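What follows is one structure encoded as C-alpha cells, with my remarks underneath.
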Amino acid sequence: MTLFDRALFADRVCLVTGGGSGIGAEIALQFARHGARVAVLGRSAAKLDTTVRALEAEGAQGLALAADVRDAHALEAAVAHITQHWGRLDVLVNAAAGNFLSPAATLSANGFRTVIDIDLCGTFNACRAAYAALAARRGVIVNITASPQGFVAMPLQCHAGAAKAGIEKLTRDLALEWGPAGVRVVAVAPGPIANTEGMSRLAPGDAAETMQQKMPLGRWGRSDEVASAVMYLASPAAGFITGTTLTVDGGAGLLGAGCFLAALNL
Ligand code: HXC
Ligand code: NAP
C-alpha cells in the first residue's frame with residue numbers, strides 16, 4: 001500500500017548513504033518503487049549488492065558505490081560517478097551512521113570522534129559533494145537524525161546524540177545558505193525502529209520488550225514508515241518546506257529519554 005503515485009520519482013536520481021542495510025536500504029527500495037534510479041553508498045560492497053539486487057527485482061535501476069563517508073574525496077568521486085552514469089542527481093539521503101552504548105566516562109577520544117566523523121562529518125561530506133549537482137536540479141537533501149537522542153539528554157549516547165544534534169543544526173544552516181540555489185535541506189528524526197541494527201545495539205535482549213511497552217504508541221516503528229516521511233519531504237508536495245525536521249518516533253520524544261531509561265534500568 002502506498003499513498004504516493006508510483007511515478008512520483010520517475011526519471012529522478014537518488015543517492016542514499018547507508019543504503020546497504022536497515023532504514024537506508026528501505027528508503028532506497030521505496031524510492032525505487034516510486035520510479036527513481038537509486039545509488040546506495042556504504043563500506044561493505046556485499047551489503048550494497050544485496051540492496052541493488054532488491055531494487056532490480058522491482059524493475060528499477062540501482063548502483064552500488066563502496067565508499068566511506070569519512071573520506072570527502074571518495075564522496076566527490078561517488079557523486080561524479082552518478083552524474084556520469086545517469087546524468088543528474090535529484091535527491092540525497094544521508095542515512096549512514098555508527099552507534100553503540102557507552103558511558104561517557106569510559107568512552108575513548110577515538111570512540112567519540114569516530115561517531116562524530118561518520119555521522120556529522122560524513123553528512124557534511126556528502127552534502128558538500130552533492131551540492132553542485134543538486135543545485136543544477138533544484139534538488140533535495142534529507143538527513144536522518146534521531147529522536148529523542150538529537151533533542152534531549154540521554155545516558156550512554158553522548159557521542160551519537162552530539163552528532164545527531166549537530167546534523168539538526170547543519171540542516172538548518174545549509175537550508176539557509178542553499179535555499180537561494182533552489183536546494184531544500186530537511187531532516188527526518190526516527191524513533192526506535194524494529195528489525196534494525198540500531199535497535200539491536202541500543203536495546204539488547206529484554207530491553208526491547210520493555211521499551212516497546214513504554215512507547216506512547218505501544219510499539220516500535222517500521223522502516224517503511226520512515227521511508228514514507230522521507231519520500232514526502234523529497235516530493236514536490238513539500239516544495240515550500242526547508243530547514244525543518246519531521247519527527248517519526250511514535251511519540252518516544254514526548255517522554256524525553258524515558259523509554260530508554262526504563263528499558264536499560266537506568
Ligand atoms: C566503546 C567503542 C565501541 C563500544 C567501538 N568503540 N565500539 N567504544 N564501546 N561498543 C571504539 C573503539 O574502541 C575505537 O576506539 C573507536 O570506537 C573506533 O572503533 P573502530 O571499530 O575502529 O571503528 P570503525 O571500524 O570505524 O567502526 C565504527 C563503529 C562500528 C561505529 C565503531 O560500530 C560501525 O561500523 N558501526 C556501523 C553500524 C552501526 O553502528 N549501525 C547502527 C546505527 S544506529 P579506540 O580508542 O579503542 O581506538 C543509530 C541509532 C539511532 O545510529 C540513534 C542515534 C542517535
Ligand atoms: P544500519 O543498518 O547499521 O545502517 C547504517 C548504515 O550506514 C550501514 O549500511 C553501514 O554500512 C553504513 N555506514 C556506517 N558507517 C559508514 C561509513 N563510515 N561510511 C559509509 N557508510 C557507513 O542501521 P539503522 O539502524 O538502519 O540506522 C540507519 C539510520 O537511521 C542511521 O542514520 C541511524 O542513526 C538512524 N536511526 C536509526 C534508528 C533505529 O531505530 N534503528 C533510530 C533513529 C535513527 P557499512 O557498515 O557497510 O558501511
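Expressed in nm to one decimal, what extension gain is obtained for the pair Asp173 and Phe100 from 0.36 nm per residue of sequence separation less their Cα-Cα distance?
Separation in residues times 0.36 nm, less the Cα-Cα distance, equals 23.5 nm.
Leaving out ligands, DNA and RNA, what percent of the accessible area of the chain is carbon and sulfur, probe 1.4 Å?
Numbers: 6250 of 11510 Å².
Summing carbon and sulfur atoms, their accessible area is 54 percent of the total for the chain.
Compute the angle between helix 72-86 and the longest alpha-carbon principal axis of the chain, please, reported from 0 to 90 degrees and rounded to the nearest 10.
On a 0 to 90 degree scale, this one is about 40.
In percent, how large is the relative contact order of segment 187-266, given Cα pairs closer than 8 Å and 6 or more residues apart? Present the calculation step by step, with values, prior to reporting the outcome.
On the way: 88 pairs, mean separation 39.2, N = 80.
That works out to 49 percent.
So what are the ³J(HN,Hα) numbers for segment 218-231, from phi and the Karplus equation (6.51, -1.76, 1.60; θ = phi - 60°), rounded to whole Hz, Gly and Pro as x?
Calculated HN-Hα couplings, in order: x, 7, 7, x, 10, 4, 5, 6, 6, 4, 4, 5, 5, 5 Hz.
Given Thr247, Thr196, Ala10, which one lies farthest toward the positive end of the charge dipole of the chain, if we put +1 on the Cβ of every Lys and Arg and -1 on the Cβ of every Asp and Glu?
Ala10
Residues with amide H under 5 Å of Val93's amide H, sequence separation 5 or more or different chain, H placed in the peptide plane at 1.01 Å from N; which?
Distant-sequence amide H within range of Val93: Leu15, Val16, Thr17, Val142.
How big is the dipole moment of segment 196-266 about its Cα centre under a simple scheme where the beta carbon of each Lys and Arg is +1, that of each Asp and Glu is -1, and everything else is neutral? Debye, nearest 20, please. Numbers along the way, then the final one.
Values: 4 positive and 6 negative charges, 19 e Å.
The calculation lands at about 100 debye.
Helix-only estimate, please: 222 nm mean residue ellipticity of the chain, summing -39500 (n - 2.57) across DSSP H runs of length 4 or more and dividing by its residues, to the nearest 500.
On the way: 10 runs with 116 residues, N = 266.
Counting only the DSSP helices, I get -13500 deg cm²/dmol.
Once a ≥ b ≥ c are taken as the square roots of the eigenvalues of the Cα gyration tensor of segment 147-263, is the result rounded (a/c under 1.5), prolate (a/b larger than b/c) or oblate (a/b not larger than b/c)? Numbers along the way, then the final one.
On the way: a/c = 2.65, a/b = 1.77, b/c = 1.50.
Here segment 147-263 falls in the prolate category.
At what distance in nm do the modelled label points of Leu217 and Thr2 sit from each other, each positioned 7 Å from its Cα along Cα→Cβ?
In this crude label model, Leu217 to Thr2 measures out at 2.0 nm.
Which one of Ala36, Leu120, Leu134 is farthest out on the positive end of the charge dipole of the chain, using unit charges on Cβ (Lys, Arg +1; Asp, Glu -1) and the Cα centre as origin?
So the residue furthest toward the plus end is Leu134.
Once you have the alpha carbon radius of gyration of the chain, what is it after dividing by 2.2 N^0.38 Å, with N set to its residue count? Could the numbers behind the result be given before it?
Details: Rg = 17.5 Å, N = 266, 2.2 N^0.38 = 18.4 Å.
The reported ratio for this selection is 0.95.
Counting only residues 5 or more places away or on other chains, whose amide H sits under 5 Å from the amide H of Ala67 once H atoms are built in the peptide plane?
Gly42, Arg43
Which residues in segment 48-62 have a backbone N closer than 18 Å to a point placed 7 Å from the Cα of Ser200 along the Cα-to-Cβ line?
Answer for this model: 48-51.
Please turn the phi angles of segment 188-200 into ³J(HN,Hα) values with the Karplus equation 6.51 cos²θ - 1.76 cosθ + 1.60 (θ = phi - 60°), one per residue in order, whole Hz, x for glycine and proline.
10, 10, x, x, x, 10, 5, 6, 10, 4, x, 6, 5
With the Cα gyration tensor of segment 1-134 giving a ≥ b ≥ c as the square roots of its eigenvalues, does the rule (a/c under 1.5 for rounded; else a/b larger than b/c for prolate; else oblate) give rounded, prolate or oblate?
Values: a/c = 2.21, a/b = 1.64, b/c = 1.35.
It is prolate, given that a/c is not under 1.5 and a/b is the larger ratio.
Give a residue-ordered list of calculated ³J(HN,Hα) values for segment 179-187 (Karplus: 6.51 cos²θ - 1.76 cosθ + 1.60, θ = phi - 60°; whole Hz; x for Gly, Pro).
For segment 179-187, the Karplus curve yields x, x, 8, x, 9, 8, 10, 9, 9 Hz.
On a full-extension model of 0.36 nm per residue, what is the gain between Arg113 and Leu261, subtracting their alpha-carbon distance, rounded to one decimal in nm?
Working: separation 148, 0.36 × 148 = 53.28 nm, distance 2.46 nm.
Extending this stretch completely gives an extra 50.8 nm.
Cα gyration tensor of segment 59-123, axes a ≥ b ≥ c as square roots of the eigenvalues: rounded (a/c below 1.5), prolate (a/b > b/c) or oblate? Walk me through the numbers on the way to the answer.
Details: a/c = 3.63, a/b = 2.53, b/c = 1.43.
In terms of gyration-tensor shape, prolate.
Label Thr210 and Asp71 with points 7 Å out from Cα along Cα→Cβ: what is the distance between them in nm?
Here the answer is 4.1 nm between the modelled labels.
Can you work out the accessible area per residue across the chain, with the rest of the protein chains kept in place, probe 1.4 Å, in square angstrom? Mind dumping the intermediate values first?
Details: 11510 Å² over 266 residues.
Ligands and nucleic acids excluded, the result is 43 Å² per residue.
The values are calculated or read from the model by the stated rules, or taken from the named source; none is laboratory data. Worth saying up front: this structure is predicted, and the values here are computed from it rather than measured. Every residue, glycine among them, receives a Cβ derived from its backbone with ideal geometry; neighbour counts consider all protein chains shown. Surface accessibility is based on the protein's heavy atoms, side chains included, excluding ligands, DNA and RNA. Shrake-Rupley method; radii C 1.70, N 1.55, O 1.52, S 1.80 Å.
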